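For reference, the structure discussed in these notes is given below.
The values are calculated or read from the model by the stated rules, or taken from the named source; none is laboratory data. Quick caveat, the model's predicted, so the values are computed rather than measured. Note that each Cβ is placed from the backbone with ideal geometry, even for glycine, and that neighbours are counted across all protein chains shown.
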Amino acid sequence: MAQTNFPATDGFYFPAEWHKHTATWLSWPHKGESWPGKIDLIYPKYCEFIKVLTEGELVRINLVDEQMTAVAKQQLLAAGVHLDKVEFFQFPTNDAWCRDHGPAFLINPAKKQKVIVDWDYNAWGNKYPPYDLDDVIPTKIAERLGLPVYHPGIVMEGGSVDFNGKGTLITSTACLLNKNRNPQLSQQQIEGYLRNYYGVEQVLWVNEGIIGDDTDGHIDDTVRFVNEDTVVTVVEANKNDENYEILQENLQALKSMRLLNGKQLNIIELPMPEPIFYQDQRLPASYANFYIANAAVIMPTFRGVNDQKALDILQLCFPDRKVVGIDSTDIIWGLGSFHCLSQQEPEV
């Protein structure tokens, strides 16, 4: 339907991830090229992720066809998942990264209404064609749920933005100003889209993302809100590591930022895992790629010395939820982890 207004002017905003969810949306992994030689190894941990999610909310999964649905049900049952907590949708996808191709749900609590924003999607600057099926997923979901859809007409990925639910969004120049996304737009114009279509009043910018991140610097690998005035940011202890300077620059930028109420950000430092390589490729392993679910915060672990330290730090950040670590050593070969794989649907 033609839109005469923006979500923001219609009273809608994108809530923080800790806002109560109706469901978590996923797209079942099936593209072998995303996990070359390893895709069969990821399903046990992927299903463990779903099992933890179902302790507090519905899980809604996009699948290609009946055959894939049957296989998924077998895998989930083998992992002990109660299938009455899972809904299956035959919406074909190209890949599994639902954070980036899935719907952006916005809410208007006063009117008890929910809408979907369907941003354009080009697989992180046309790196991994085809992506035509992924690009239409938000509108397919909106049609099934009977929700209005807004179409901004520019490229945007869910992993490139993070929200405090109180008017502030944080992102990176490395991603949103990359010429492979929206080369026709200035930083000021992009901020206008963010304000109008996410319902925020303030956009905060850091510069870079971590080494090995093929998304050109998604914020969900570096800086995440854990409450309305607190962020965790990953830091690298080894001064010889190529991430050290990048993450120190981000930390210094965060220290200079102010929220809408004039407050400084509370900043909690989260360690980086030890570098992970597979077939001589550095992988974008980061403890910041956690997902905040209703009943838990699910953090990727990497069989490393900093796993427990990171879990303990996050547990202090989320006293109302248990923080669960799930081994992501095989999943990260796909160049993303649990936050990249999931998209929350908030309650109104």
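Would you check if there is a residue in the stretch 287-298 being in a strand (DSSP E or B), small (Gly, Ala, Ser) and under 23 Å from Pro15 (Cβ atoms)? Within the stretch 287-298 (the criterion being in a strand (DSSP E or B), small (Gly, Ala, Ser) and under 23 Å from Pro15 (Cβ atoms)), the answer is yes, since at least one residue qualifies. From the list Leu176, Leu251, Leu265, the one residue that fits, being in contact with a Gly (Cβ under 9 Å, 6 or more places away or on another chain) and free of Cβ contacts under 8 Å to residues at least 40 places away in the same chain, is Leu176. Restricting the stretch 78-91 to residues that are part of a strand (DSSP E or B) and among the aromatic types (Phe, Trp, Tyr) leaves a set whose member that is surrounded by the most Cβ atoms within 10 Å (Cβ to Cβ) is Phe88. Residues of the stretch 326-348 that are of a type in the set (S, T, N, Q), in contact (Cβ under 8 Å) with a residue 60 or more places away in the chain and assigned to a loop (DSSP other than H, G, I, E, B): Ser328 alone. Condition check: out of contact with any Lys or Arg (no Cβ under 6 Å at 6 or more places or on another chain), over 24 Å from Ile210 (Cα atoms) and surrounded by 22 or more Cβ atoms within 10 Å (Cβ to Cβ). Does Ala142 satisfy that? No, not satisfied. More than 14 Å from the chain's Cα centre (by Cα) and surrounded by 18 or more Cβ atoms within 10 Å (Cβ to Cβ): does that describe Ile170? No, not satisfied. Of a type outside the set (Ser, Thr, Tyr), assigned to a strand (DSSP E or B) and crowded, with 22+ Cβ neighbours inside 10 Å - does that describe any residue in the stretch 243-257? No, because not a single residue in the stretch 243-257 is of a type outside the set (Ser, Thr, Tyr), assigned to a strand (DSSP E or B) and crowded, with 22+ Cβ neighbours inside 10 Å. Looking for something farther than 25 Å from Gly199 by Cβ and either basic (Lys, Arg) or surrounded by fewer than 19 Cβ atoms within 10 Å (Cβ to Cβ) (or both) - is there at least one such residue anywhere in the stretch 9-26? Within the stretch 9-26, none of the residues are farther than 25 Å from Gly199 by Cβ and either basic (Lys, Arg) or surrounded by fewer than 19 Cβ atoms within 10 Å (Cβ to Cβ) (or both). Residue by residue through the stretch 120-131, note down the ones that are part of a loop (DSSP other than H, G, I, E, B), surrounded by fewer than 22 Cβ atoms within 10 Å (Cβ to Cβ) and in contact (Cβ under 8 Å) with a residue 12 or more places away in the chain. Scanning the stretch 120-131 gives Asn122, Lys127, Tyr128, Pro130, Tyr131.
Among the residues of the stretch 31-49, are any closer than 29 Å to Lys166 by Cα, touching a Lys or Arg at 6+ places or on another chain (Cβ under 9 Å) and of a type in the set (Phe, Trp, Tyr)? There is no residue in the stretch 31-49 that is closer than 29 Å to Lys166 by Cα, touching a Lys or Arg at 6+ places or on another chain (Cβ under 9 Å) and of a type in the set (Phe, Trp, Tyr).
Consider the stretch 142-163 and keep the residues that are under 21 Å from Ala16 (Cα atoms) and part of a helix (DSSP H, G or I). The one that is farthest from the chain's Cα centre (by Cα) is Ala142. Right, Phe318: within 17 Å of Val226 (Cα to Cα), aromatic (Phe, Trp, Tyr) and surrounded by fewer than 18 Cβ atoms within 10 Å (Cβ to Cβ) or not? Spelling it out, Phe318 is indeed within 17 Å of Val226 (Cα to Cα), aromatic (Phe, Trp, Tyr) and surrounded by fewer than 18 Cβ atoms within 10 Å (Cβ to Cβ). In the stretch 37-77, of all residues being in a loop (DSSP other than H, G, I, E, B) and in contact (Cβ under 8 Å) with a residue 40 or more places away in the chain, the one that is surrounded by the most Cβ atoms within 10 Å (Cβ to Cβ) corresponds to Glu57. Would you confirm whether or not the stretch 326-340 contains a residue that is crowded, with 19+ Cβ neighbours inside 10 Å, among the hydrophobic types (A, V, I, L, M, F, W, C), over 23 Å from Phe277 (Cβ atoms) and touching a strand residue (DSSP E or B) at 6+ places or on another chain (Cβ under 8 Å)? No. Which of the residues that make up the stretch 251-289 are small (Gly, Ala, Ser) and either within 17 Å of Val305 (Cβ to Cβ) or at pLDDT below 95 (or both)? Result: Ala285, Ser286. Of everything in the stretch 1-36 that is touching a Gly at 6+ places or on another chain (Cβ under 6 Å) and not in a loop (DSSP other than H, G, I, E, B), the residue that is farthest from Phe318 (Cα to Cα) is Ser34.
Within the stretch 250-266, does at least one residue satisfy the condition of being within 21 Å of Arg99 (Cβ to Cβ) and in contact with a Phe, Trp or Tyr (Cβ under 9 Å, 6 or more places away or on another chain)? The answer is no, given that none of the residues of the stretch 250-266 is within 21 Å of Arg99 (Cβ to Cβ) and in contact with a Phe, Trp or Tyr (Cβ under 9 Å, 6 or more places away or on another chain).
Yes/no matrix, rows are residues, columns are (1) touching a Leu at 6+ places or on another chain (Cβ under 8 Å); (2) of a type in the set (S, T, N, Q); (3) in a helix (DSSP H, G or I); (4) within 28 Å of His30 (Cα to Cα):
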{"site": "Ala110", "(1), (2), (3), (4)": "no, no, no, no"}
{"site": "Leu133", "(1), (2), (3), (4)": "no, no, yes, yes"}
{"site": "Lys140", "(1), (2), (3), (4)": "no, no, yes, yes"}
{"site": "Gly165", "(1), (2), (3), (4)": "no, no, no, no"}
{"site": "Ala174", "(1), (2), (3), (4)": "no, no, yes, no"}
{"site": "Asn180", "(1), (2), (3), (4)": "no, yes, no, yes"}
{"site": "Leu185", "(1), (2), (3), (4)": "no, no, no, no"}
{"site": "Gly192", "(1), (2), (3), (4)": "no, no, yes, no"}
{"site": "Glu208", "(1), (2), (3), (4)": "no, no, no, no"}
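Only one of the numbered conditions (1) closer than 28 Å to Thr54 by Cβ; (2) acidic (Asp, Glu); (3) outside any loop (DSSP other than H, G, I, E, B) is violated by Asp320, and that is (3).
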